[in-house]
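A short worksheet on the structure shown next.
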Amino acid sequence: MKIPKPVQQPSGKWFVRLRLDGVAYSKTFDTKKEAEVWAAGIKSQYLSGQLRASRSAEKKTIRQLMQEYLDAANLADGTVKRYGYTMNNHFVQIMDRPYCEINNWQKVVSMEMRDRSPNTVDVEWSTIAAALRYHDLEVPKVVIRTKPSKQKPYLTADQIPVFCDAIRGHRSEAYFLMMLSSMRVSEALAVTDAD
């Protein structure tokens, strides 16, 4: 049995993955040497019969992986609630499926984005990713597309003097200047003249 060579990730970390009797063992390390030592240790455990494929984390459902992470980690109450909310309301199409049976993670994320904002999907995905990392499972690379911003661009440095000249003497000049300084329309309208 050959030990695979670690692969350097774009982040600079080293990733190594072994597949033994159909079960994958993977982990990311800071150095190549750490990855090689870990892989040799996994091979040694396998040859000595210490690893049991039937108990592999890959065969557990996403819900089980998340619950085991919650039970083992010492997390704040708010974080525990977030995980519970995710398990009950997000990524429902995969929660009760084993990790090893999910092939197209990008499709799963894209389906979730149909009804949710990119920020929400990103937060919920991070809870799943943390549980996968805890179990030494590979976190799939997915793209969470952001929606184009509805914000209108600010005036450039050259446009500001032109704008100020255009509003000079206008009865709402003060309001325009407040909004130019990034004040919200509702805040500017709430300002009243002192009597």
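The values are calculated or read from the model by the stated rules, or taken from the named source; none is laboratory data. Bear in mind the structure is a predicted one, so any value in this text is a computation, not a measurement. Here Cβ is always computed from backbone atoms with ideal geometry, including for glycine, and neighbour counts include all displayed protein chains. The accessibility values were calculated without ligands, DNA or RNA, using every heavy atom of the protein model including side chains. Shrake-Rupley method; radii C 1.70, N 1.55, O 1.52, S 1.80 Å.
Values as computed for the structure displayed
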read-out	value
Sequence-separation-based contact order of the chain, relative, with Cα cut under 8 Å and 6+ spacing, percent	15
Orientation-averaged projected area, Cα convex hull of the chain (nm²)	18.4
Sites Ile144 and Asp165, calculated FRET efficiency, Cβ-Cβ separation with R0 45 Å, nearest 0.05	0.55
Nearest 10 degrees, 0 to 90: helix 32-47 Cα axis against the chain principal axis	40
Cα shape, the stretch 1-107, gyration tensor, a/c 1.5 rule	prolate
Distance-filtered residues of the stretch 75-92 - backbone nitrogen under 17 Å, label point 7 angstrom along Asp115 Cα→Cβ	85-92
The stretch 9-46 and the stretch 155-195: distance between their alpha carbon centers, rounded to Å	60
Calculated from backbone phi, Karplus (6.51, -1.76, 1.60) coupling profile of the stretch 162-169 in Hz, x at Gly/Pro	5, 4, 4, 5, 5, 9, 4, x
Full-extension gain in nm, Ala76 to Ser186, via 0.36 nm per residue minus C-alpha separation	36.0 nm
Where the chain is the region considered: accessible area per residue in Å², 1.4 Å probe	68
Portion, in percent, of the accessible area of the chain that falls on carbon or sulfur, probe 1.4 Å	51
Cβ-Cβ FRET estimate between Phe15 and Asn104, R0 fixed at 30 Å, reported to 0.05	0.90
Label-point separation in nm, Gln93 to Leu177, each point 7 Å along Cα→Cβ	5.5
Per-residue ³J(HN,Hα) for the stretch 84-91, Karplus 6.51 cos²θ - 1.76 cosθ + 1.60, θ = phi - 60°, Hz, x for Gly and Pro	x, 5, 4, 4, 9, 10, 10, 6
FRET efficiency, Ala129 to Lys2 (Cβ-Cβ, R0 22 Å, nearest 0.05)	0.15
Prolate/oblate/rounded label for the stretch 64-127 (Cα gyration tensor, a/c 1.5)	oblate
Highest-first arrangement of 31-44, 65-78, 119-132, where packing means the average Cβ count within 10 Å	119-132, 31-44, 65-78
